[in-house]
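Values quoted throughout were computed directly from the atomic coordinates according to the rules given, and no laboratory measurement underlies them. This structure is a prediction, so every number in the text was calculated from the model and none was measured. Glycine also receives a Cβ, built like all others from the backbone with ideal geometry; neighbour counts cover every protein chain displayed.
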Amino acid sequence: MVTRNLLHTGKYSDLVIQCNGQALRVHRAIVCSQSPFFAAALNSNFREAAEGRIILPEDDMETIKRVVSYLYLQDYDQERNGLGCPESKEARSVANCNSGATPLDNAGETKSPEMETSLASISTASEATAYNNLHVYIAADKFGIEPLKTLARDRLANWMRRNWNEEVFAQVVRDVLQSSPPHEKEFRDIVIGVIIDNIQIVKQERVMALVGEFGFLGSAVVKELVQHLQFSTKKRRQLVKLCAFVLQTLQSRVQSADRR
């Protein structure tokens, strides 16, 4: 595959993407044809166009590597693997294979305080996978790469469906809802669907805190419970108790917030 070879070697590259003291040598035809963000930067009269260098001071290099991997291979590795760069059969390491990628000014890679805190709090490979996909989703939205947004969103949705009973589920969902663009509701629908399909998790304190924090979740949960009251008498009693529990918890949280 020609694009894989170009990615791995950096041969014939005509653009440098600089981030956190590192640089990736890429090709304008591949990058700009898929990203309005990069195309606009290089079609302007600014320094980026003249120097053939785009600096991304606020981005995480490992996420940028995943984005670049997708632009060349239509795939990226969502797993945690040390550097976090692609190593699957369809997306090998950008950092190790792109021989044209060199550290700038011997600075080494750095991350913002927020990124360091986030990485330090990740304790499992499963949790890392969720955040890798979330970071790719946010970057894809920034760079205007719609197919990559869809892929990252689908992978994150699959993670939620598989890990709804994990301790980290509520915090991952919270970060997803807080980070996704306000005009997009896809993640809202995904989260609602996962909670409804596994309605018993609303008894967990961390999930109830989540439901109380995001009003639309509480409304969706109560609505779904009411719709299921047509079940058997035993099932109906269970749902009524659960519905009462949800409403009581939400009311308690509202009262606590008012007292503050």
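Anything over 27 Å Cα to Cα? Flag those among Lys142/Lys203; Lys65/Lys149; Lys149/Lys223, in the order listed.
Among Lys142/Lys203; Lys65/Lys149; Lys149/Lys223, the Cα-Cα distance tops 27 Å for Lys142/Lys203; Lys149/Lys223.
Report, by chain and number, residues whose modeled amide H sits under 5 Å from the one on Ala23, excluding near sequence neighbours (fewer than 5 apart, same chain).
For Ala23, whose amide H was placed from the backbone, the distant partners under 5 Å are Thr102, Leu104.
Could you give me the ³J(HN,Hα) list for region 40-53, computed from phi with Karplus coefficients 6.51, -1.76, 1.60 and θ = phi - 60°, whole Hz, x at Gly and Pro?
Result, rounded to whole Hz: 5, 5, 8, 9, 9, 9, 7, 4, 4, 5, 5, 8, x, 9.
If you filter region 18-61 for chymotrypsin sites (Phe, Trp or Tyr not before Pro), then keep DSSP loop positions with at most 16 other Cβ within 10 Å, what is left?
Phe46
Taking the Cβ of Ala29 as the centre, find all other residues whose Cβ is under 14 Å away and add up their charges (Lys, Arg: +1; Asp, Glu: -1).
+2
Which net charge results for the neighbourhood of Ile55, defined as the other residues with beta-carbon distances under 11 angstrom from its beta-carbon, given Lys and Arg at +1 and Asp and Glu at -1?
Combined, the nearby Lys, Arg, Asp and Glu give -2.
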